[in-house]
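Reading through the structure tokens given below for one structure.
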Amino acid sequence: MIEILQSILLGIVQGVGEFLPISSSAHLILVPYLFEFEANSLAFDVALHFGTLVAVLSVFFKDWLILAKGVFDKVVHKKDSFENKMFWYLVIATIPGALIGMALEEFIENIFRGLIPGIAIALAIMGVLIYIGDKWADKHYKKQTSYEKLTLKQTFLIGLSQALAVFPGFSRSGTTILAGRLLGVSKEACAKFSFMLSTPIIFGATILKFSSLINEFSLSLVIGIVTASIFGILSIKFLLNYIKKKDFAIFAYYRVIISIIVLIKFIF
């Protein structure tokens, strides 16, 4: 029963943390630390990522089909379109983060993941940066770039920023949203592009380690997948609606508060 409850809790953590700018990787380390239960197995981590893959594909499946159609029309009918352009922007933006992530993965797994104070501090630092960057963008960019007007330079730099997400606490969604805001991209466009960009990254991370999921398949893994999927879908839809009228300040406050709680527990 305890194992099932842990699977539900961590599924919620992954589903919410993967898509909101609060760092799912940090929370998957800090939540077991705070509640004092065992760290996740590799198979369980893969299961949670598979759950968020299901979530992002469920919400944006139609968008990816439209992009694929744009590529088809370009190849077959020589027809230029926003969809064809955006597909290749996403491909190019994925490459730097994926390569750097693969290069640093072993180092992060062996060293940084065990540094609880470092993870907490990274969580707070990125929270402050997101807050400042969001306010700075609103002040300095009167006309901000919409999703349809994103450029190759903007999308490449946003994709490059994903490399910081290999360090727990920085957050893939957090770094991409911050980079987008600093480049003058609107809040709505930052969120949607970040979600679209997450698809190949999560897909790749899941496929590379999918064999471990198959080898250790169990009820707790199924529950983790389902929970992460449900809360991932809810998180995506929540953020897309929330930022129509609000900014990212609430997530910055949350990061700093969690950081303080973790540091207090570590010290005392």
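Using +1 at the C-beta of Lys and Arg and -1 at the C-beta of Asp and Glu, which of LEU53, ALA103, THR176 has the Cα lying farthest in the positive direction of the dipole of the chain? In the chain, that residue is THR176.
Take every Cα pair under 8 Å whose residues are at least 6 apart in sequence, average their separation, divide by the length of segment 2-267, and the relative contact order is 39 percent.
Computed from backbone phi, the HN-Hα couplings of segment 144-153 come to 9, 6, 7, 4, 6, 9, 4, 9, 4, 4 Hz, rounded to whole numbers (Karplus: 6.51 cos²θ - 1.76 cosθ + 1.60, θ = phi - 60°; Gly and Pro given as x). Note on HIS27, HIS140: ascending count of other Cβ atoms within 10 Å places them as HIS140, HIS27, the fewest first. Amide hydrogen proximity for VAL185: with H placed 1.01 Å from N in the peptide plane, the residues at 5 or more positions away or on another chain lying under 5 Å are THR145.
Filter the trypsin sites (Lys or Arg not before Pro) in segment 147-255 down to the DSSP loop ones having no more than 10 other Cβ atoms within 10 Å, then list what survives. Write out the running numbers ahead of the final one.
On the way: sites: LYS149, LYS153, ARG172, ARG181, LYS187, LYS192, LYS209, LYS237, LYS244, LYS245, LYS246, ARG255; in loops: LYS209, LYS244, LYS245, LYS246.
Qualifying residues, ordered by number: LYS244, LYS245.
Can you figure out the FRET efficiency of ASP138 with LEU104, using R₀ = 30 Å and their beta-carbon distance, to the nearest 0.05?
Values: r = 33 Å, r/R0 = 1.09.
Here the calculated transfer efficiency is 0.35.
Couplings 3J(HN,Hα) for segment 161-170, derived from phi with the Karplus relation 6.51 cos²θ - 1.76 cosθ + 1.60 (θ = phi - 60°), are 5, 4, 4, 5, 5, 5, 8, x, x, 7 Hz, where x marks Gly and Pro. A simple rule links phi to the HN-Hα coupling: the Karplus curve 6.51 cos²θ - 1.76 cosθ + 1.60 with θ = phi - 60°, which for segment 32-49 gives x, 5, 5, 9, 6, 10, 4, 5, 5, 7, 4, 4, 5, 4, 5, 4, 5, 5 Hz, with x for Gly and Pro.
Counting Lys and Arg as +1 and Asp and Glu as -1, each charge on the Cβ, what is the dipole of segment 2-267 about the Cα centre in debye, to the nearest 20? Show your work: numbers first, answer last.
Numbers: 24 positive and 18 negative charges, 276 e Å.
Dipole about the Cα centre, nearest 20: 1320 debye.
The numbers here are math on the coordinates, done by the rules we state, and not lab data. Since the structure is predicted, the reported quantities are computational estimates derived from the model, not experimental observations. Don't worry about glycine lacking a Cβ; one is built from the backbone with ideal geometry, like all the others, and counts go over all protein chains shown.
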